[in-house]
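Asker: Sharing a structure here in structure tokens format.
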Amino acid sequence: MNIRRATHDDYEAVVEMTSDIWAHRGGDYLPDIYHDWLEDEDDPETKTFLATIDGDAAGIVQARLLSPEEAWFQSLRVDPDYRRRGVARRLTEACFEWARDRDARVGRAIIFSWNVASLSMARAIGFEPVTEFRFAFSEPDRDASGPGEHAVSSDPTAAWRYWIRSDACEHLRGLGLAPEESWAMREITSADFDRFADESAVLVVEDPNGTVGTAYRSRTFDRRTDRGEEETVAEYGVGAWDDVDAARSLFAAMARDAATLEADRMRIAIPETARFVSDAAAAGAELDEEPDFVLGIDLTERSPMDR
């Protein structure tokens, strides 16, 4: 087995390797994004590893630094013909070594909750469960409104103070969607809220007694729907609120914000708890069918595979 950097020339091999993955769920998205997803050769913060066996592509994974101490591992794939031959383990070892060389202290990944094989493999490699979240969806609406007693501001200091004391922050271990990378989570800091207020949006819901909810816009992106149509999505990195009325006001504020961008749809990551999920439903949001799991590993210690 050989582990090397993946290149654009590997595209056809990656397409063939992933052709049967998730066929019952519409197929793998990796071939559609491969050329845009692959890093430049001189990118010091991202590296995509390809495993080959006798010259055939056997597996692929990407590692990325989201902050000086946080590494993100994503899109691990193994050709069905080469499973149970240590491909995933070798690729993950390469990611760990690369991240440690760059002084990362923790590595994380998102795995779909239905992906039992990947969950089993991740735990065997040394990942531990961190948290779970679910996407909630709503339609942009310039005229959306919440309960009348709530006001909405964009004060990043109020947002940060509320966030670090919220049940959402505790459940998510301080993680929110990363603006630097799609489908990735990292620790959100007070400096992030300042930056979001300047560069995207911070939404703060207040009642006469103080702050009762907050969210930030992590990014806006274009995607192709299952019907082959292009749509613009405004994404909000996390949602935190006190109660159903605060959730209604926060979703209304996000709907207005997304409408100013002429987005077709908006989505927000919310904690996967009975309260937050049912609050979002009561606020009129659509909910993803299943949650997503975040797993992590302490890179400062030897992993089980090294012992």
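The values are calculated or read from the model by the stated rules, or taken from the named source; none is laboratory data. Everything quoted here is computed from the prediction, not taken from an experiment. We place every Cβ from the backbone using ideal geometry, glycine too, and count neighbours over all the protein chains shown. To get the accessible areas, we keep the full protein, side chains included, count just its heavy atoms, and leave off ligands, DNA and RNA. Shrake-Rupley method; radii C 1.70, N 1.55, O 1.52, S 1.80 Å.
Asker: Would you check which residues across the stretch 216-251 are over 23 Å from the mean Cα position of the chain (by Cα) and touching a residue at least 60 places away in the same chain (Cβ under 8 Å) and list them?
Answerer: Residues satisfying the conditions are Asp245, Ala246, Arg248, Ser249.
Asker: Also, I was wondering about something else. When you go through (1) modelled with pLDDT of 95 or more; (2) surrounded by 21 or more Cβ atoms within 10 Å (Cβ to Cβ) one by one for Arg100, which number turns out not to apply?
Answerer: Here Arg100 clears every test but (2).
Asker: Specify the residue that is surrounded by the fewest Cβ atoms within 10 Å (Cβ to Cβ); the eligible residues are those in the stretch 17-46 that are of a type in the set (Phe, Trp, Tyr) and closer than 23 Å to Ala99 by Cα.
Answerer: Step one: filter the stretch 17-46 for residues of a type in the set (Phe, Trp, Tyr), giving 22, 29, 34, 37.
Restricting the remaining residues to those that are closer than 23 Å to Ala99 by Cα gives 34, 37.
Numbers: Tyr34: 19, Trp37: 16.
Residue satisfying both the conditions and the ranking: Trp37.
Asker: Just give me the residues in the stretch 274-304 being in a loop (DSSP other than H, G, I, E, B) and basic (Lys, Arg), in sequence order. Full working, then the answer.
Answerer: Taking the stretch 274-304 and keeping what is in a loop (DSSP other than H, G, I, E, B), we get 283-285, 288-291, 299-303.
Residue satisfying the conditions is Arg302 alone.
Asker: Now for a separate question. Listed residues Ser182, Ser190; which is open to solvent by 30 Å² or more (accessible area, probe 1.4 Å) and closer than 20 Å to Phe133 by Cα?
Answerer: Working: Ser190 fails: closer than 20 Å to Phe133 by Cα.
So the residue among Ser182, Ser190 that is open to solvent by 30 Å² or more (accessible area, probe 1.4 Å) and closer than 20 Å to Phe133 by Cα is Ser182.
Asker: List the pairs whose first member sits in the stretch 264-291 and is of a type in the set (S, T, N, Q), whose second member is surrounded by fewer than 15 Cβ atoms within 10 Å (Cβ to Cβ), and whose Cβ atoms are under 9 Å apart, counting only residues at least 6 apart or on separate chains?
Answerer: That search, which allows pairs on different chains as well, returns Thr273/Asp167.
Asker: Every residue in the stretch 47-68 that is free of Cβ contacts under 8 Å to residues at least 60 places away in the same chain, open to solvent by 10 Å² or more (accessible area, probe 1.4 Å) and either of a type outside the set (A, V, I, L, M) or not in a strand (DSSP E or B) (or both), please.
Answerer: Lys47, Phe49, Thr52, Asp54, Gly55, Asp56, Pro68
Asker: Regarding Ser218, is this residue outside any strand (DSSP E or B) and of a type in the set (S, T, N, Q)?
Answerer: No: the conditions fail for Ser218.
Asker: Quick one: is Ser278 of a type in the set (Ser, Thr, Tyr) and open to solvent by less than 10 Å² (accessible area, probe 1.4 Å)? Step through it out loud before you land on a result.
Answerer: Values: of a type in the set (Ser, Thr, Tyr): yes; open to solvent by less than 10 Å² (accessible area, probe 1.4 Å): no.
It is false that Ser278 is of a type in the set (Ser, Thr, Tyr) and open to solvent by less than 10 Å² (accessible area, probe 1.4 Å).
Asker: When the stretch 284-303 is examined, which residues are found to be open to solvent by 30 Å² or more (accessible area, probe 1.4 Å) and of a type in the set (A, V, I, L, M, F, W, C)? Spell out the reasoning first.
Answerer: Taking the stretch 284-303 first, the residues open to solvent by 30 Å² or more (accessible area, probe 1.4 Å) are 284, 286-290, 293, 298, 300-302.
Within the stretch 284-303, Leu287, Phe293 meet the criteria.
Asker: Among the residues that make up the stretch 224-240, is at least one of them in contact with a helix residue (DSSP H, G or I) (Cβ under 7 Å, 6 or more places away or on another chain), part of a helix (DSSP H, G or I) and either buried (at least 23 other Cβ atoms within 10 Å of the Cβ) or modelled with pLDDT of 95 or more (or both)? Can you show your working first?
Answerer: To start, the set of residues in the stretch 224-240 that are in contact with a helix residue (DSSP H, G or I) (Cβ under 7 Å, 6 or more places away or on another chain) comprises 234, 236, 238-240.
Keeping just the survivors that are part of a helix (DSSP H, G or I) gives none.
No, the stretch 224-240 contains no residue that is in contact with a helix residue (DSSP H, G or I) (Cβ under 7 Å, 6 or more places away or on another chain), part of a helix (DSSP H, G or I) and either buried (at least 23 other Cβ atoms within 10 Å of the Cβ) or modelled with pLDDT of 95 or more (or both).
Asker: Counting just the residues of the stretch 245-273 that are in a helix (DSSP H, G or I) and polar (S, T, N, Q), which one comes out most open to solvent (accessible area, probe 1.4 Å)?
Answerer: Kept after step one, since they are in a helix (DSSP H, G or I), are these residues of the stretch 245-273: 245-260.
Applying the additional criterion that residues be polar (S, T, N, Q) yields 249, 260.
Values: Ser249: 5, Thr260: 86 Å².
It comes out as Thr260.
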